[in-house]
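Inspection log for the structure reproduced underneath, given as structure tokens.
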Amino acid sequence: MSSNSSVSLSYRDAGVDIDAGDALVEAIKPFAKRTMREGVLAGIGGFGALFEVSKKYKEPVLVSGTDGVGTKLKLAFHLNRHDTVGIDLVAMSVNDILVQGAEPLFFLDYFACGRLDVAAATDVIKGIAAGCEQAGCALIGGETAEMPSMYPDGEYDLAGFAVGAVEKSKIIDGRKIASGDVVLGLASSGAHSNGYSLVRKILDVAKPDLNADFHGRPLADVLLAPTRIYVKPLLALMEKIEVRGMVHITGGGLVENIPRVLQPNLTAVLNKDAWTMPPLFHWLQQHGGVADAEMHRVFNCGIGMTVIVSKDNADAAEAELKHLGETVYRIGTIRERQGDEPQTIVE
């Protein structure tokens with residue numbers, strides 16, 4: 001004999017908290033509202049966001065970028081601090097599209113978790129909105145995915161997507177870079193969002209007190225310092241001075257990112273004594289026994305963005321960036337490449 005039975009299940013039985021999702025949407029709206037700018041026709045709440053490209057562009061070219069925060073999130077989980085990683089998320093994408101001369105227009109995020117913690121998620125969204133304000137772009141949409149059993153309790157993943165625009169005639173692609181040009185370095189705010197797999201390994205070995213003072217701040221604050229967003233000062237610089245190339249120093253550090261904007265016949269020669277490497281990187285190198293070459297390959301070492309200009313414009317560009325609030329170093333020059341030597345040399 002067999003018996004049939006019926007079970008009445010709902011989404012809640014699958015572990016999804018519908019009320020939490022609704023609460024997060026309401027929590028997001030005031031932060032997103034602060035980021036609105038000209039061009040937004042419809043933002044958060046619809047199936048798709050609408051944005052009208054400004055008529056100031058004669059031949060607009062859209063530039064897009066997407067990225068995440070990487071394993072820096074693991075440190076945020078460990079410290080139960082979620083208020084800065086949203087800024088990191090925005091920075092990674094907007095700085096990337098900026099280097100091609102683009103003005104960031106809007107940003108969308110993807111937040112995925114096993115079970116939604118409204119308080120933590122709200123802190124993340126606050127950070128995303130703050131990053132969008134710093135970049136002058138609108139937070140116009142996103143997705144929050146609650147997927148039971150996909151992520152451990154208390155953990156989540158983030159991804160972001162930025163779209164910007166640049167006049168076709170003003171695209172910066174490095175083709176104007178020539179021998180004799182000057183490489184300016186803009187100070188980073190810390191390790192930004194790269195190299196944290198190695199950072200966490202060093203922390204496992206050194207076992208420091210993350211709440212202890214580290215040059216005037218708790219070490220945890222230094223490690224979680226959000227990625228600097230360079231959009232507004234560099235857009236202002238480009239209005240006044242010809243910029244031949246820009247490089248966002250992310251994964252791959254100085255030595256692997258600068259070649260991305262150089263023609264095959266050119267090499268950037270950097271002087272490591274031209275800027276001051278922040279204490280955090282000295283600490284990581286000392287406690288991890290990390291070689292100089294590996295430091296330059298993994299970390300930004302205190303330089304979060306490089307700007308390449310002609311020798312004739314170098315003084316004016318440096319002065320303008322300092323006026324705009326950036327800490328600027330003249331860190332190197334461009335020369336003809338010799339044989340098959342690396343395209344970035346740090347000496």
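Return one number: the angle in degrees, 0 to 90 and rounded to the nearest 10, between the long axis of the Cα atoms of helix 314-323 and the longest principal axis of the Cα atoms of the chain.
Once rounded, the angle reads 40 degrees.
Taking amide H positions as placed 1.01 Å from N in the peptide plane, with prolines and chain starts having none, which residues 5 or more places from THR144, or on another chain, fall under 5 Å of its amide H?
PHE111
At a 1.4 Å probe radius, which order do MET277, MET246 fall into by accessible area, largest first?
Numbers: MET277 35, MET246 0 Å².
Sorted by accessible area, descending: MET277, MET246.
Using each residue's phi in region 143-150, evaluate 6.51 cos²θ - 1.76 cosθ + 1.60 at θ = phi - 60° and report the 3J(HN,Hα) Karplus result to the nearest Hz, with x for Gly and Pro.
Calculated HN-Hα couplings, in order: 9, 10, 10, 9, 10, x, 6, 7 Hz.
Can you tell me the 0 to 90 degree angle between the C-alpha axis of helix 85-98 and the longest principal axis of the chain, rounded to 10?
Its long axis makes an angle of about 50 degrees.
On a C-alpha basis, how far is the centre of region 110-174 from the centre of region 73-94 in Å? Whole number, if you could?
Their Cα centres are 10 Å away from one another.
How large is ³J(HN,Hα), in whole Hz, for each residue of region 278-286 in order, when computed from phi with the Karplus curve 6.51 cos²θ - 1.76 cosθ + 1.60 and θ = phi - 60°, using x for Gly and Pro?
For region 278-286, the Karplus curve yields x, x, 4, 6, 4, 5, 5, 5, 5 Hz.
What net charge is computed for the residues neighbouring PHE111, neighbours being all others with C-beta under 10 Å from the C-beta of PHE111, Lys and Arg scored +1, Asp and Glu -1?
Details: positive: none; negative: ASP109, GLU143, GLU146, ASP157.
So the environment of PHE111 carries a net charge of -4.
So what are the ³J(HN,Hα) numbers for region 33-39, from phi and the Karplus equation (6.51, -1.76, 1.60; θ = phi - 60°), rounded to whole Hz, Gly and Pro as x?
4, 5, 8, 4, 9, 4, x
Rolling a 1.4 angstrom probe over the protein heavy atoms, how many square angstrom per residue are accessible across the chain?
That works out to 48 Å² for each residue.
DSSP loop (so not H, G, I, E, B), at most 13 other Cβ within 10 Å: list which trypsin sites (Lys or Arg not before Pro) in region 114-201 pass both filters.
Values: sites: ARG115, LYS126, LYS168, LYS170, ARG175, LYS176, ARG200, LYS201; in loops: ARG115, ARG175, LYS176.
Those that pass, being in a loop and sparsely packed, are ARG175.
For the full complex of protein chains and a 1.4 angstrom probe, list VAL118, VAL163 by accessible area with the highest value first.
Details: VAL118 45, VAL163 15 Å².
Most to least solvent-accessible, the answer reads VAL118, VAL163.
In whole percent, and with a 1.4 Å probe on the protein chains, what portion of the accessible area of region 262-329 is carbon and sulfur? Show your work: numbers first, answer last.
On the way: 1380 of 2950 Å².
Percent of accessible area from carbon and sulfur atoms in region 262-329: 47.
Which distance in nm do the two modelled labels at ASN265 and LYS207 give, with both placed 7 Å along the Cα-to-Cβ direction?
Using points 7 Å along Cα→Cβ, the separation is 5.8 nm.
How large is the helix-only mean residue ellipticity at 222 nm for the chain, computed as the sum of -39500 (n - 2.57) over DSSP H runs with n ≥ 4, divided by its residue count, in deg cm²/dmol to the nearest 500? Walk me through the numbers before you get to the answer.
Numbers: 11 runs with 114 residues, N = 347.
The per-residue figure over the chain is -10000 deg cm²/dmol.
Setting aside same-chain residues fewer than 8 positions from LYS170, which lysines have a Cα under 28 Å from its Cα?
The qualifying lysines are LYS55, LYS56, LYS58, LYS232, LYS240, LYS311, LYS322.
Is the chain best put as rounded, prolate or oblate by its Cα gyration tensor, with a ≥ b ≥ c the root eigenvalues, rounded for a/c under 1.5, and otherwise prolate when a/b is larger than b/c, oblate when not? Don't skip to the answer; put the middle values down first.
Working: a/c = 2.23, a/b = 1.45, b/c = 1.54.
In terms of gyration-tensor shape, oblate.
Pick out, from ASN313, HIS248, VAL290, the residue whose Cα sits farthest towards the positive end of the charge dipole of the chain, with +1 on the Cβ of Lys and Arg and -1 on the Cβ of Asp and Glu.
Comparing the listed Cα positions along the dipole, ASN313 ranks first.
Counting only protein heavy atoms, what percent of the accessible surface of region 112-260 is carbon or sulfur at a 1.4 Å probe? Show your work: numbers first, answer last.
Working: 2960 of 6100 Å².
Solvent-exposed carbon and sulfur of region 112-260 make up 48 percent of the total.
Sticking with the crude label model, points 7 Å out along Cα→Cβ, report the distance from ARG34 to ASN80 in nm, one decimal please.
Between ARG34 and ASN80, the label points sit 2.5 nm apart.
Contact order normalised by length for the chain, with contacts defined as Cα pairs under 8 Å and 6 or more residues apart; what percent is it?
Numbers: 707 pairs, mean separation 73.2, N = 347.
Value for the chain: 21 percent.
Extending each Cα 7 Å along its Cβ direction at ALA274 and GLU341, get the distance between those two points in nm, one decimal.
Each label point is offset 7 Å from its Cα along the Cβ direction, giving 1.4 nm.
Check THR333: other-chain or 5+ apart residues with amide H under 5 Å from its amide H, H built from backbone geometry?
HN-HN under 5 Å from THR333: VAL183, VAL269.
Return the lysines within reach of LYS201: Cα separation strictly under 21 angstrom, same-chain partners fewer than 8 residues apart disregarded; answer none if there are no such residues.
Filter leaves LYS72, LYS74.
Under the rule of at least 5 residues apart or a separate chain, name every residue whose amide H is placed under 5 Å from the amide H of GLU155.
GLY114
The values are calculated or read from the model by the stated rules, or taken from the named source; none is laboratory data. What you are looking at is a predicted structure, and each value in this text was computed from that prediction instead of being measured. In this analysis, Cβ positions are derived from the backbone assuming ideal geometry, glycine residues included, and neighbour counts consider all displayed protein chains. Remember, those area values only see protein heavy atoms, side chains included, never the ligands or the DNA or RNA. Shrake-Rupley method; radii C 1.70, N 1.55, O 1.52, S 1.80 Å.
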